[in-house]
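I'd like to ask some things about the structure below.
The numbers here are math on the coordinates, done by the rules we state, and not lab data. The structure displayed is predicted, hence computed values, not measured ones. Using ideal geometry, Cβ is built from the backbone for each residue, glycine included, and neighbour counts are taken over all protein chains shown.
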Amino acid sequence: MADPRFFHRKGPFSIKEIADLTGATPVNAPDAERRFDDVAPLQIADSTILSFFDNRKYIDAFVGSHAGACFVRPEFADRAPQNMVLFTTDDPYRAYAKAATAYYPFETGNGVISDRAVIDPTAKLGTGVQIDACAVIGANCEIGDGTIIASNAVIGDGVVIGSGCKVGAGATISHSLIGNLCLIYPGARIGQDGFGFAMGPQGHAKVPQLGRVVIGNDVEVGANATIDRGAGPDTVIGNGCRIDNLVQIGHNVELGMGCVIVSQVGISGSTKLGNFVVLAGQAGITGHLEIGDGAKVAAQSGVMKNIGPGETVGGSPAVPVMDYHKQTVALSRLIRKKK
Amino acid sequence: MADPRFFHRKGPFSIKEIADLTGATPVNAPDAERRFDDVAPLQIADSTILSFFDNRKYIDAFVGSHAGACFVRPEFADRAPQNMVLFTTDDPYRAYAKAATAYYPFETGNGVISDRAVIDPTAKLGTGVQIDACAVIGANCEIGDGTIIASNAVIGDGVVIGSGCKVGAGATISHSLIGNLCLIYPGARIGQDGFGFAMGPQGHAKVPQLGRVVIGNDVEVGANATIDRGAGPDTVIGNGCRIDNLVQIGHNVELGMGCVIVSQVGISGSTKLGNFVVLAGQAGITGHLEIGDGAKVAAQSGVMKNIGPGETVGGSPAVPVMDYHKQTVALSRLIRKKK
Amino acid sequence: MADPRFFHRKGPFSIKEIADLTGATPVNAPDAERRFDDVAPLQIADSTILSFFDNRKYIDAFVGSHAGACFVRPEFADRAPQNMVLFTTDDPYRAYAKAATAYYPFETGNGVISDRAVIDPTAKLGTGVQIDACAVIGANCEIGDGTIIASNAVIGDGVVIGSGCKVGAGATISHSLIGNLCLIYPGARIGQDGFGFAMGPQGHAKVPQLGRVVIGNDVEVGANATIDRGAGPDTVIGNGCRIDNLVQIGHNVELGMGCVIVSQVGISGSTKLGNFVVLAGQAGITGHLEIGDGAKVAAQSGVMKNIGPGETVGGSPAVPVMDYHKQTVALSRLIRKKK
């Protein structure tokens, strides 16, 4: 049901194919060759459509859905409408991701170099690289197989980008080494000078920023997000990180693997995150801190101190999340007494 | 007095013309044919100039102004300088908006297609459409009469934009349907993938984002603001909404009519706003919430729960605004006691 | 040690040259002609390298460093490794900035105008101006000597930019007068309409924005930052200001000299800052306020009232910083009692 002006569908896929693809278990599925045409949300799916039920907030939509098939956790199977084919799995959203990607595969380079792109003759382009109109590729760049550089993106001299990446329209990258399978969204700014200067009443003296941005594989950098290059050391983004729109990452920051940085978060210079850290929206992390593996920071928190592995914090200044909730309760009690 | 390098003035307009245009009532205006050359703030206006007095914080500027004429609420008329022509109205700022627009009409397309623009031959352009240098227009786009696409803007395949719109320099739009009379400011990002993935220690699996962004008529989207397309449903922006710079709007978010979203606000995925909701600067709204018609959220608030129609909330986490003020007072008392 | 793909080094420089350049005093430096090849952080520098020690958090790195030379405050000289040449100075970071700039001078225009740039014939370009591919320069622009306009930047009609500036890739500037030696980072948006409209249930009427952005000398505007032009008065940024990434500056805002505005700060319309004001990350300042010379605002603060010269505030709503710390302590005590 996705708008055909924007999306090009594959399929249909059979119950057997979907099960093989996702590892989910077909239930209430007498005919393994039955095929589904498309994926769609529970609310709008009909009997030809495959859907998913993950967030229990939407249980009513599941119970009332006309979807032909649905990924679901086993414990909700008995709440399904009578004729729905179920694919049970512990992670319905991940199974849906895989199935939806079969119906709507991710874009890869079509090998077309626009004659309106501007490419330095010393740049090295891999097989299947696609460069759209008005993109600008600097001297000695290296761009890996199948990577797409969209319209009006600017890739500075010497930048290395791996294979299977997409750099969105209007994004700019300089002083950076980027791995494979990365998605850089429109308007992202990667590799510019950090905010480095010696302050003083006689003026703020700019400090040359001599590091790079080094990004691993399978990283996403959101629309209009900004990642400054290192001041001397590098700014480093580990494999598998997801960085949302309008996030700011200062110079010398390091992210481990699989970190999730939600929209409008700011991370100040030289702070280091371990693996699988989650920073919720609009959180701010001050500079020169260490945030341990698996730490979680609540939305709008202001982190002023190191966080140990696995800890969850909230508030501004941030405290352990249970204390944060207690503070919130205490504050609300305080005013109830005064009434 | 606007700098002629940047602004091209019409007029002058007579008292009668100004009254007809704005609906305001001339007072102290013996000669209805007297004309005013320009509009300007109270502080710098002279006797040839039309001004306005709206924010009572600036009463001294009104009382001491040399402006020839001024839009003013009736109750302040007797504070005016002796020779000032008054246009009384209950909404001086709106009357000024209309008059200023007569002196400085909004830009509309001049019908010139730059030979340095890159336009797919299947794109359909209305009458008077203006496409500036290095703008890129994709396949099967439809762009309505008189719309301007400024330099370096990128309009993706299939995008539909109505008439009388302006897409600012360097903005990018994909997977979107946009109504009439919309202003998209420079660097705005509309229609890119939302932040959708199935998290897990084995990596975060990207979920195809199969919806669109659907924007009504008379909508403004600020500079470097980001609006992600829907994941399956659409992201929807109602008629007359005003979205300021650097705002983030997540996938599947819906805004009713006339919402005002101030700079640096973030709205997480699947949250739905009613009509005429106001979110003040840097507020954050968590996902999957419902915000009722006419609700107001104070600056920097963190909204974690639904808000009913007409309610005003503040604080992080947000509470009814009176409670928020009481909490602030209670906190300040708490430390006074401890001294 | 900076990556030669991205950085082009000058030098080496002798102890005498470095001392002359920076005003620092050589200590433990028997041979004034000894030369150092490069600058680098303490942790990775070897005996051919000049480094600096400024933040005492990194004292261990200093004590254990193999750097050949180091800028250091006199009081730490006796903690230096035995063979390290020291350059003592009260401001090691500023001395390092000067030295590093000698090794890695800032870019200036190379006088090349790309034949893929689009330049209105009425634009006036100074000597040595560099215009990169797909940059667009409007009618009657004036661009001073040695200024660089990077790829895909868009300079609107009538804009004046001084000498020695760099406008980064994809930045857009309109309705603005900009001084000398300014650095505008990629994706910055300067001069677009402010968020001005008369609100009302019949729709929000757009108010023409008739002012400009006037920027002094030696100003930096960060990546994807936004500065709206004035509504009638101008938006003014004083000499020497440093504005970080993703900052929002509303219409009619005025900044004095040397202000430092850290990432993701928002300043609402018509607020005026004095000289050398510092706003830390994610702070928000409401409109129509006055912030005195030398005032400091802590990260994430929400400023709702004027701030006097030299005052420091914190919290949301912001209060004097000592009160803010006391509030934080009081809150944490409150929940300890309840356990």
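Residue B:63 label points, 7 Å along Cα→Cβ, one per copy: pairwise distances from this copy to the rest in nm, shortest first?
Spelled out, the distances from residue B:63's label point are 6.6, 6.6 nm.
Name the residues of the stretch B:181-217 whose amide N is less than 15 Å from a point 7 angstrom out from the Cα of residue A:3 along the C-beta direction?
Correct set: B:190-194, B:209-217.
Let me ask another. Report for the stretch C:202-339 the percent antiparallel among DSSP-assigned beta bridges with both residues inside it, nearest 5. Present the calculation step by step, with values, prior to reporting the outcome.
Values: 2 of 29 bridges.
Here the antiparallel bridges make up roughly 5 percent for the stretch C:202-339.
So, in nm, how far is label residue A:27 from label residue B:55 when the simple model puts each one 7 Å beyond its Cα toward the Cβ?
That separation, rounded to one decimal, is 6.0 nm.
Right, another one. Considering only DSSP beta bridges with both partners in chain B, what is the antiparallel share in %, to the nearest 5? All intermediate terms of the calculation are to be shown ahead of the outcome.
Values: 9 of 73 bridges.
Given both bridge residues lie in chain B, the antiparallel proportion sits at roughly 10 percent.
Right, something else. Would you mind telling me which residue in A:186, A:12, A:309 has the biggest mean-square fluctuation in a Gaussian network model of chain A, where springs connect alpha carbons within a distance under 10 angstrom?
A:12
Also, I was wondering about something else. How many nm separate the modelled label positions at residue A:142 and residue B:329, each set 7 Å beyond the Cα in the direction of the Cβ?
Going by the 7 Å Cα→Cβ label model, 6.7 nm.
For the stretch C:209-309, what is the charge dipole size about the Cα centre, in debye to the nearest 20, if Lys and Arg each add +1 at the Cβ and Asp and Glu each add -1 at the Cβ?
160
Now for a separate question. According to the Cα gyration tensor, what semi-axes, each the square root of 5 times an eigenvalue, does the equivalent ellipsoid of the stretch C:132-238 have, listed from largest to smallest in whole Å?
They are 26, 14, 12 Å, listed from largest to smallest.
Quick one: Karplus J couplings for the stretch A:42-56, per residue in order, coefficients 6.51, -1.76, 1.60, θ = phi - 60°, nearest Hz, x for Gly and Pro?
3, 5, 10, 6, 10, 5, 8, 10, 9, 10, 8, 10, 10, 8, 5
Does the stretch C:74-209 classify as rounded, prolate or oblate by the C-alpha gyration tensor (a ≥ b ≥ c root eigenvalues; a/c under 1.5 gives rounded; else a/b over b/c gives prolate, otherwise oblate)?
oblate
Separate question: Could you pull out every residue, at least 5 positions away or on a different chain, whose amide H is within less than 5 Å of the one on residue A:290? Hs are placed 1.01 Å off N in the peptide plane, and Pro or chain starts have none.
A:272, A:306, A:307
Can I ask one more? Counting only DSSP beta bridges with both residues in the protein assembly as shown, what percent are antiparallel, rounded to the nearest 5? It would help to have the intermediate numbers written out before the result.
On the way: 27 of 219 bridges.
So the antiparallel bridges amount to about 10 percent of the total.
Nothing charged except the Cβ atoms of Lys and Arg (+1) and of Asp and Glu (-1): what's the magnitude of the dipole of chain B about its Cα centre? Round to the nearest 20 debye. Let's see the in-between values first.
On the way: 29 positive and 32 negative charges, 302 e Å.
Around 1460 debye, computed over chain B.
According to the square roots a ≥ b ≥ c of the eigenvalues of the Cα gyration tensor, what is the shape class of chain C, taking rounded for a/c under 1.5, prolate for a/b larger than b/c otherwise, and oblate for the remainder?
Verdict is oblate for chain C.
Right, here's the next one. Can you give the FRET efficiency for residue C:90 and residue C:336, using 1/(1 + (r/R0)^6), R0 = 35 Å, r = Cβ-Cβ distance, to the nearest 0.05?
Computed FRET efficiency for residue C:90 and residue C:336: 0.25.
On alpha carbon coordinates alone, what is the Rg over Rh value for the stretch A:284-334, Rh being the Kirkwood radius?
Using only Cα positions, Rg/Rh for the stretch A:284-334 is 1.02.
Ok, one more. If each DSSP helix of 4+ residues adds -39,500 (n - 2.57) and the sum is divided by the residues in chain A, what number results at 222 nm, nearest 500 deg cm²/dmol?
On the way: 4 runs with 43 residues, N = 339.
The per-residue figure over chain A is -4000 deg cm²/dmol.
Quick one: among A:28, A:224, A:252, which has the greatest mean-square fluctuation in a GNM of chain A with alpha-carbon springs under 10 angstrom?
So, out of A:28, A:224, A:252, the one fluctuating most is A:28.
Using +1 on the beta carbon of Lys and Arg, -1 on that of Asp and Glu, and nothing else charged, what's the dipole of the protein assembly as shown about the Cα centre, debye to 20?
3600
What residues have an amide H closer than 5 Å to that of residue C:174, excluding those fewer than 5 places away on the same chain, when H is modeled at 1.01 Å from N in the peptide plane?
Amide H to amide H, under 5 Å and 5 or more residues apart or across chains, residue C:174 pairs with C:156, C:190, C:191, C:192.
Rank C:335, C:304, C:259 by how far each Cα sits towards the positive end of the charge dipole of the stretch C:247-339 (+1 on Lys, Arg Cβ; -1 on Asp, Glu Cβ) and give me just the farthest.
Going by the charge dipole, the pick is C:335.
For A:132, B:3, A:91, what's the fewest-to-most ordering of other Cβ within 10 Å of each Cβ?
Least crowded to most crowded, the residues run B:3, A:91, A:132.
Taking the number of other C-beta atoms within 10 Å as the exposure measure, put C:59, C:143, A:155 in order starting with the fewest.
Listing C:59, C:143, A:155 from fewest to most nearby Cβ atoms yields C:59, C:143, A:155.
If you don't mind, there's one more thing I want to ask. When a/c reaches 1.5 or more, the comparison of a/b and b/c decides; with that in mind, is the stretch B:13-103 rounded, prolate or oblate per its Cα gyration tensor? Show your work: numbers first, answer last.
On the way: a/c = 1.34, a/b = 1.27, b/c = 1.06.
Rounded is the answer for the stretch B:13-103, as its axis ratio a/c remains below 1.5.
Another question about this same structure. Among B:92, B:24, B:51, whose Cα lies farthest out toward the positive end of the dipole of the stretch B:13-103, if unit charges sit on the beta carbon of Lys, Arg (+1) and Asp, Glu (-1)?
Farthest towards the positive pole: B:92.
Could you point to the residue in B:14, B:82, C:105 farthest towards the positive end of the protein assembly as shown's charge dipole, with +1 and -1 charges on the Cβ of Lys/Arg and Asp/Glu respectively?
Toward the positive end, the furthest listed residue is B:82.
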